[in-house]
Amino acid sequence: RRSTIGHALDSVASQSHKDIEYVVQDGGSTDGTCDVITAKNDPRIAFVSTVDEGLYDAINRGIRRTNGDVVGLMHSDDFFATSEILSHVAKAMEDPGIDGVYGDLDYVAADDTARIIRRWRAGLYQPQILSKGWMPPHPTLYLRREVFEKHGLYDTSR
């Protein structure tokens, strides 16, 4: 989304934790999104725009392009609530016994990002509820690369 991608990228750049790999995977946008990304002229942004087969195919393509030990997702209309989010993630991931972390998610109004429309309270992780359809809000989910290597990427067959 041309109207929101710049804010999303600025949100990443504003994080106090600076060891960040920006992998931007675009689905062949023709609305000017690509122009906004390239205008950032930021060498940390690894940008590819190519037609994909849907959201999860695009996510999988992006994950395959990453090099880091921890992978998180951010969509073009997402942004961090504070500049400390990735510092908290990095601190939690210092524990080798933790494979992933996630948090709650606030949906905000497009015309006023200070106005919260819905709060998604993800709750505590319970493995048995995954099989019943529960998912953590994936824009807040950070997983070790080994999780993808062991269990695979997102299922695109459904």
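The values are calculated or read from the model by the stated rules, or taken from the named source; none is laboratory data. No experiment lies behind these values; they were computed from the predicted model shown. So basically every Cβ, Gly included, is an ideal-geometry build from the backbone, and we count neighbours across all protein chains shown. When the accessible area is computed, the model is the full protein with side chains, heavy atoms only, and any ligands, DNA or RNA have been set aside. Shrake-Rupley method; radii C 1.70, N 1.55, O 1.52, S 1.80 Å.
Calculated on the Cα set of the chain, radius of gyration then Dmax: 15.8, 45 Å.
Excluding A110 itself, calculate the net charge of residues whose Cβ lies under 15 Å from the Cβ of A110, where each Lys or Arg counts +1 and each Asp or Glu counts -1.
Net of charged neighbours comes to -1.
Of the accessible area of the chain, with the probe set at 1.4 angstrom, what percent is carbon plus sulfur? Carbon and sulfur together cover 51 percent of it. Taking label points 7 Å from Cα along the Cα-to-Cβ direction, R119 and D42 give a separation of 2.9 nm. The rule of thumb for compact globular proteins, 2.2 N^0.38 Å, goes into the C-alpha radius of gyration of the range 35-118 1.30 times. Per-residue ellipticity at 222 nm computed for the chain from its helices equals -8500 deg cm²/dmol, with DSSP H segments shorter than 4 residues left out and the rest contributing -39,500 (n - 2.57).
Averaged per residue, the chain has 64 square angstrom of accessible surface, using a 1.4 angstrom probe with ligands and nucleic acids left out.
Below 8 Å, C-alpha to C-alpha, sequence gap of six or more: please give me the relative contact order for the range 1-88 in percent.
Once divided by the residue count of the range 1-88, the mean separation gives 48 percent.
Rolled with a 1.4 Å probe across the full set of protein chains, the surface gives L124 an accessible area near 150 Å². Stokes-Einstein diffusion for the range 80-158 at 4 °C, viscosity 1.567 mPa s, with a Kirkwood radius from C-alpha pairs, works out to 89 µm²/s.
Legend: residues E84, E149, sorted from most to least accessible area (1.4 Å probe; ligands, DNA and RNA excluded), read E149, E84.
Taking amide H positions as modeled 1.01 Å from N, with prolines and chain starts lacking one, the residues under 5 Å from D26 and 5 or more places away or on another chain are V48, S49, T50.
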